[in-house]
1. Taking the Cα centre of the chain as origin and charging only Cβ (+1 Lys, Arg; -1 Asp, Glu), how large is the dipole, in debye to the nearest 20?
2. Per DSSP helix of 4 or more residues, -39500 (n - 2.57); summed, then divided by the residues of the chain. What does that give at 222 nm, rounded to the nearest 500?
3. Identify all aspartates and glutamates with a Cα-Cα distance to Lys158 below 13 Å; exclude those on the same chain that are fewer than 8 residues away in sequence.
4. Could you order the peptides 12-23, 219-230, 150-161 from most to least packed, using the average number of other C-beta atoms within 10 Å per residue?
5. Using only the alpha-carbon atoms, how far is helix 186-199 inclined from the longest principal axis of the chain? Give it as 0 to 90 degrees, nearest 10.
6. Roughly how many nanometres apart are two label points built 7 Å out from the Cα toward the Cβ at Lys114 and Asn203?
7. As a quick test, which of the pairs Lys86/Lys110; Lys23/Lys239; Lys134/Lys175; Lys134/Lys207; Lys121/Lys225; Lys178/Lys216 have an alpha carbon distance above 28 angstrom in this structure?
8. With each label point set 7 Å from Cα along the Cα-Cβ vector, what nm distance links Lys81 and Lys175?
Amino acid sequence: MSSKIGLNLTKRYSINFSLPKRKPKTIKFIILHYTGMKKETKAVQKLCNYKSKVSSHYFIKNSGEVLNLVPDIFEAWHAGKSKWGKYSMLNKYSIGIEIQNPGHDHGYKKFNIKQIASLKKLLNYLIKKYKIDKKNILGHSDVAPDRKKDPGEKFPWKDLAKKKLAIWHNLQEKKILKFRGERISLKNEGIFIKNLNKFGYANYQKKDIVNAFQRKFRQDLVNGKIDKECLIISKNLLKQ
């Protein structure tokens, strides 16, 4: 497997997964996380400790090394209470990838070049193997916006999209910037929320959904407010 991916892949066993095995065609999503922990070693220990009741299929270290903690064919415990489109409790249908980063509570920082290079190789492999639609490469905050922020606004979604490993709008950001902060009618706010629902976001609190959307598609301003720029981006995403 390591040679196929072209990665420095290490197997390390976590006992935190569900039986029985699932069918490969069940896997429809890849959900990306940050660890939200200061120390990498502690994060790995947590994902392998039966008391924590959390795990992921893969863990990407600061060095770019990838740990395979749970075989793809088993359900890992990474998404928790979650929704996307018609699906809920997404552990059943997804592969979880944890990336070491201290997160918003401990000095959130950019993901490093080695981590993203390894992630691209891993995503490319998994997308091909399980025939996953790039629209279904999601962040934890997309599927659980009421309680999660990861992988956050410093995660390079646009960069992944250039490699066809995620989705991004095809608008010129300099041109739509003039619409930032421009208020829209309540009717158009409703259209924006409907657009997000059509795209996959579930009916959580409005501000939570808007924040999740902005963390992914309008990353330099996450304020939970719907403006004309957000509306334009949402319409563009639905066309793709």
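What follows draws every value from the coordinates through simple rules; no lab data is involved. Predicted model only: the values in this text are computed from it and were never measured. As a convention, Cβ positions derive from the backbone with ideal geometry for all residues, glycine included, and neighbour counts pool all protein chains shown.
1. Details: 54 positive and 19 negative charges, 104 e Å.
Charge dipole, the chain, about its Cα centre: 500 debye, nearest 20.
2. Values: 9 runs with 83 residues, N = 240.
It comes out at -10000 deg cm²/dmol, rounded to the nearest 500.
3. Glu173, Asp220
4. On the way: 12-23: 13.5, 219-230: 17.0, 150-161: 19.3.
Sorting 12-23, 219-230, 150-161 by mean packing, highest first, produces 150-161, 219-230, 12-23.
5. Between helix and principal axis, roughly 30 degrees.
6. Label at Lys114, label at Asn203, 4.7 nm between them.
7. Numbers: Lys86/Lys110 32 Å; Lys23/Lys239 31 Å; Lys134/Lys175 26 Å; Lys134/Lys207 25 Å; Lys121/Lys225 35 Å; Lys178/Lys216 19 Å.
Checking Cα-Cα distances, Lys86/Lys110; Lys23/Lys239; Lys121/Lys225 exceed 28 Å.
8. 4.3
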